[in-house]
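**Q** What follows is a structure written as structure tokens; I'll ask about it next.
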Amino acid sequence: MADQQGGVAKPPFWNDPTIRSVAFQIIALCVVVGIGYYLFHNTQTNLQQRGIASGFGFLQNPAGFGIIQHLIPYNESDTYGRVFVVGLLNTLLVSVLGILLATFLGFVIGVARLSRNWLVAKLAMVYIEIFRNIPLLLQIFFWYFAVLRNVPSPRQSLELGDAVFLNIRGFYLPAPVFQPGFWVVPLTLLVGVIATVVVRRWAHRRQEMTGQPFHAFYAGLGLMLGLPLLAFALAGFPLAWDYPVLQGFNFQGGFVIIPELAALLFALSIYTAAFIAEIVRSGIQAVSHGQTEAAYSLGLKPGQTLRLVIIPQAMRVIIPPLTSQYLNLAKNSSLAAAIAYPDLVSIFAGTVLNQTGQAIEVIAMTMAVYLTVSLSISLLMNWYNRRAALMER
Amino acid sequence: MKKSFAILATTATLACVLANGTAQAGATLDAVKKKGFIQCGVSDGLPGFSYADDKGKFSGIDVDVCRAAAAALFGDAGKVKYTPLTAKERFTALQSGEIDVLSRNTTWTSTRDSALGLNFTGITYYDGQGFMVNKKLGVKSAKELDGATVCIQAGTTTELNLSDYFRANNMKYTPVTYDKSDESAKSLETGRCDVLTSDQSQLYAQRIKLATPDDFVVLPEVISKEPLGPAVRHGDDEWFDIVKWTLFAMVNTEEMGIDSKNVDEKLKSDNPDVKRLLGVEGDKGKDLGLPNDWVVQIVKQVGNYGEVFERNVGQGSPLKIERGLNALWSQGGLQYAPPVR
């Protein structure tokens, strides 16, 4: 027997599975690299032949056009590079606000959908079915052209106490002007937040040791609101307001939310909230009813049951699809171009591309941004998912 | 192992590149002849320049330039297909080869002629940027527009001129930038902005599309030079020549008094200039790679420059724009074409 085993001839090297798999992988990689190089080379030759400028030098050139909304100081003599940052920040602004609003709305409607109150449940269902089934672009147009175009002109603004104005040009609010000495307020707020965390930990330990609950919520509220308010009063109210005033064609001063942002934000969050509501409903329904019964038999109140038993378990089911919705929302924000909201796609991949003609560089940068934003959301949510996942002990 | 891998990768890449040779730009003219029609980039709806009627038939000055080129090349002005483009999309469409000629009231500037890899073939319309406001505002001059909200179309020279003009005059403005000219016009109408700015010809064209055109007025100031013309991409000089001379032929025929009605008569003319232009004498068409009767076809099927102007934006159209700068040089305007000789 032993003789026979030893007598098996070594297979020729082209039949050796290890060598084969390595060889095929090398060939596959070569093909990919080859195609990539070919595309790069071909593009470069074509660009050169047609005399189209290339490279990233254009980012230093002055842009020369105005942008309606910029979170950092910007004027027409700033560079294309700064336009990129302005567009990026506008995209992030609408994405972050959209995610917050959609999550809040989605959770409320998702829970309402399961309500025992017939009217509430049906209303939630109608909301979901309507907004989930109408294309997002149409919803954006609806908010922008049908709703926000019907508010009055600047001279006939709807107003609230000479401070808040609503007209077709936007929603005008008084802007805070920080006076010297205001720094104590954010400082005390920070102290309040840290103190709240400490108190909560202590309350948790006390309950585990003695079974005595402590209402950390109210203590935290007092620490986070009361402390800064007290500091604010002691510092002599170092805050003034810049009120919007009608001057010439428009309101000047104050803080304005432009209708383009409002329309995009409404459409994005209302649309995404419908999906999130369904995700929340499925998550809650995935928790077996036995859990609720067990919680009740332990004497937990319905609110406590929802908060302490159902939601933590539902979150495990909710988070992965929720991540996809957040990614969708961030990417859908590029529909801004349809209604003049100056996001990255609209002003950078649109106007800058048009002015410079450098499609490849501009589109590559834009794609890199969306990839980075999406991957960051993904990473963050995956980290949260790992924390919320079932711990096997 | 790693080393052999690196060598293999390099050879594979090299082989790939050598096999394909240098990348070809692809001569536009050959491609156009092969497919049998011209793919023409036009605007997304601007009366007088390029506008599709309810049957989907395009008309306008910009459209007629493409039709004339088709008449010269194929002897049939109908061999054109149109791609409506927004201002933002137009250059990429031309650079990438999606269209063969961009005839979309595009301003000739140095950047576009160089860094964007385009060649402008001439000037079909001498224009300038203006402002349109609602009469209710009571504004009489652009100098009174400090603090106004201005609607513009994205990716245009007007966007840049606007900021220059306001900065030069120490005025502030809020820009609202739309992709489509229709949207910016609608926004003026609904009051999202106080002013609409664009080339004056466009303002007149947009005005007749509004619900109540009489409520709006174009201000007297013209703040820029906007020479509008067709463009082709770099890399095919023959194609560039054909589009360029199509335009010159239209201007030259007007100058010599040749129009769509009398062109057959003019074929019998004794005037050597006319004979050369119409291809009765000499081989001017062949030199361009065109049939010798190219000018006859252009004039017969599309008309001379004056006819095209009057039909689309002049007295024969709802726009009723005066010839002004666009009159022939011999009549006090700027339209001037090199001779066919």
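The values are calculated or read from the model by the stated rules, or taken from the named source; none is laboratory data. Predicted model, so just to flag it, every value in this text is computed and none were measured. As a convention, Cβ positions derive from the backbone with ideal geometry for all residues, glycine included, and neighbour counts pool all protein chains shown. Remember, those area values only see protein heavy atoms, side chains included, never the ligands or the DNA or RNA. Shrake-Rupley method; radii C 1.70, N 1.55, O 1.52, S 1.80 Å.
**Q** Just to confirm, what accessible area per residue do you get for the protein assembly as shown at 1.4 Å probe, in whole Å²?
**A** 50
**Q** Using only Cα atoms, figure out Rg for region A:202-284 and give it as a multiple of 2.2 N^0.38 Å.
**A** Details: Rg = 22.8 Å, N = 83, 2.2 N^0.38 = 11.8 Å.
My calculation over the Cα atoms of region A:202-284 gives 1.93.
**Q** Taking both sides together, what accessible area is buried at the A/B interface, probe 1.4 Å, expressed in Å² and rounded to the nearest 100?
**A** Working: alone 24530 and 16140 Å², together 36500 Å².
Counting both chains, the buried surface is close to 4200 Å².
**Q** Here's something else I'd like to know. If you take the square roots of the eigenvalues of the alpha-carbon gyration tensor of the protein assembly as shown and sort them as a ≥ b ≥ c, do you get rounded (a/c under 1.5), prolate (a/b over b/c) or oblate? Don't jump to the answer; show the numbers that get you there.
**A** Numbers: a/c = 2.57, a/b = 1.44, b/c = 1.79.
Oblate is the answer for the protein assembly as shown, as a/c is 1.5 or above yet b/c matches or exceeds a/b.
**Q** Something else now. Antiparallel versus total DSSP beta bridges in the protein assembly as shown: what percent is that, nearest 5?
**A** 70
**Q** With all protein chains present and a 1.4 Å probe, how do B:Asp287, A:Asp343, B:Asp44, B:Asp215 order by accessible area, largest first?
**A** If we order B:Asp287, A:Asp343, B:Asp44, B:Asp215 from most to least accessible, we get B:Asp287, B:Asp215, B:Asp44, A:Asp343.
**Q** Considering only the other residues whose Cβ falls under 11 Å of the Cβ of B:Met256, what net charge follows from Lys and Arg at +1 and Asp and Glu at -1?
**A** Working: positive: B:Lys266, B:Lys275, B:Arg276; negative: B:Glu254, B:Glu255, B:Asp259, B:Asp273.
Summing Lys/Arg as +1 and Asp/Glu as -1 gives -1.
**Q** For every helix of n ≥ 4 consecutive DSSP H residues, a contribution of -39,500 (n - 2.57) applies; sum these over chain A, divide by its total residues, and give [θ] at 222 nm rounded to the nearest 500 deg cm²/dmol.
**A** Working: 13 runs with 227 residues, N = 393.
Rounded to the nearest 500, the figure is -19500 deg cm²/dmol.
**Q** Taking a 1.4 Å probe, which of A:Tyr172, A:Tyr37 shows the most accessible area, and what order do the others take after it? Present the calculation step by step, with values, prior to reporting the outcome.
**A** Working: A:Tyr172 20, A:Tyr37 100 Å².
The ranking, largest first, comes out as A:Tyr37, A:Tyr172.
**Q** Please give, to one decimal in nm, the separation of the simple spin-label points placed at B:Asn169 and A:Ile194, each 7 Å out from Cα toward the Cβ.
**A** If labels sit at B:Asn169 and A:Ile194, their model points lie 5.6 nm apart.
**Q** In the Gaussian network model of chain A, springs joining C-alpha atoms below 10 Å, which of A:Val256, A:Val185, A:Val83 carries the largest mean-square fluctuation?
**A** A:Val185
**Q** To continue, here is another question. Would you give the gap between the C-alpha center of region A:36-59 and the C-alpha center of region A:320-393, rounded to a whole Å?
**A** 26
**Q** With runs of 4+ DSSP H residues as the only contributors, calculate the mean residue ellipticity of chain B at 222 nm using -39,500 (n - 2.57) per run, divided by the residue total and rounded to the nearest 500.
**A** Working: 14 runs with 131 residues, N = 341.
Only helices count here, giving -11000 deg cm²/dmol.
**Q** Another question, if that's okay. Between B:Lys57, B:Lys266, B:Lys81, find the one with the highest GNM mean-square fluctuation for chain B; connect C-alpha pairs within less than 10 Å.
**A** Comparing B:Lys57, B:Lys266, B:Lys81 in a Gaussian network model of chain B, the most mobile one is B:Lys57.
**Q** Given H placed 1.01 Å from N in the peptide plane, which residues other than close sequence neighbours of B:Asp179 have an amide H under 5 Å from its amide H?
**A** Amide H neighbours of B:Asp179: A:Ala340, B:Ala154.
**Q** Going by Cα centres, region B:223-286 and region A:112-137 are how many Å apart?
**A** 66
**Q** Right, here's the next one. Contour minus end-to-end for A:Asp16 and A:Leu221, with contour as 0.36 nm per residue of separation and end-to-end as the Cα-Cα distance? Provide the component values of the computation, followed by the final result.
**A** On the way: separation 205, 0.36 × 205 = 73.80 nm, distance 6.99 nm.
My answer for the length gained is 66.8 nm.
**Q** Could you pull the accessible area for A:Leu225 with a 1.4 Å probe, rounded to 10 Å²?
**A** Using a 1.4 Å probe on the heavy atoms, I get roughly 100 Å².
**Q** So, one more: Determine the shape class of region A:256-377: with a ≥ b ≥ c the square roots of the Cα gyration tensor eigenvalues, call it rounded for a/c under 1.5, and otherwise prolate if a/b is greater than b/c, oblate otherwise.
**A** Since a/c reaches 1.5 and a/b is larger than b/c, the shape of region A:256-377 is classed as prolate.
**Q** For A:Met367, what accessible surface area do you get with a 1.4 Å probe? Give it in Å², rounded to 10.
**A** Rounded to the nearest 10, the figure is 120 Å².
**Q** Here is a further query. Suppose R0 equals 60 Å; then what is the FRET efficiency for A:Asn133 and B:Asp146 from their Cβ-Cβ distance, rounded to the nearest 0.05?
**A** 0.80
**Q** Of B:Lys35/B:Lys261; B:Lys172/B:Lys225; B:Lys135/B:Lys209; A:Lys331/B:Lys180; A:Lys331/B:Lys88; A:Lys331/B:Lys186, which pairs sit farther than 24 Å apart, going by alpha carbon to alpha carbon?
**A** B:Lys35/B:Lys261; A:Lys331/B:Lys186
**Q** Only helices at least 24 Å long along their axis, Cα-based, and averaging -1.0 or more on Kyte-Doolittle count here, so list those DSSP H runs from chain B.
**A** B:2-20, B:237-255
**Q** Among A:Pro238, A:Pro321, A:Pro17, which one moves the most in a GNM of chain A with springs linking Cα atoms closer than 10 Å?
**A** A:Pro17
**Q** Also, I was wondering about something else. Work through the residues other than B:Leu277 whose Cβ is under 12 Å from its Cβ and net out their charges, Lys, Arg +1 and Asp, Glu -1.
**A** Spelling it out: positives minus negatives among the neighbours equals 0.
**Q** Select from chain A the helices, each a whole stretch of DSSP H, whose alpha-carbon atoms run 27 Å or more along the helix axis and whose Kyte-Doolittle mean is at least 0.5; answer none if there are none.
**A** Result, helices passing both filters: A:17-49, A:80-113, A:184-210, A:259-285, A:359-388.
**Q** Follow-up. To check you understand DSSP bridge types, tell me what percent of the beta bridges within chain B (both residues inside) are antiparallel, rounded to 5.
**A** 55
**Q** Moving on. Where does the charge balance sit around A:Phe348 when Lys and Arg score +1, Asp and Glu -1, over other residues with C-beta under 12 Å from its C-beta?
**A** Charge balance near A:Phe348 sits at 0.
**Q** In region B:148-172, which residues become less accessible by 20 Å² or more once every protein chain is in place, relative to the chain on its own, using a 1.4 Å probe?
**A** B:Thr149, B:Gly155, B:Glu159, B:Leu160, B:Ser163, B:Arg167
**Q** Here is a follow-up. Any idea how far apart A:Trp183 and A:Thr292 come out in nm if each label point goes 7 Å out from Cα toward Cβ?
**A** 5.4
**Q** Among rounded, prolate and oblate, which fits chain B when a ≥ b ≥ c are the square roots of the eigenvalues of its C-alpha gyration tensor, a/c under 1.5 means rounded, and a/b larger than b/c means prolate?
**A** It comes out oblate by the Cα gyration axes.
**Q** So for the pair A:Ile363, A:Phe24, with labels modelled 7 Å out along Cα→Cβ, what separation do we get in nm?
**A** 3.4
**Q** Starting from one equal scatterer on each C-alpha and no solvent at all, send me the Debye-based log10 I(q)/I(0) for region A:175-242 at q = 0.20, 0.21, 0.23, 0.27 Å⁻¹, two decimals.
**A** -0.77, -0.81, -0.89, -1.06
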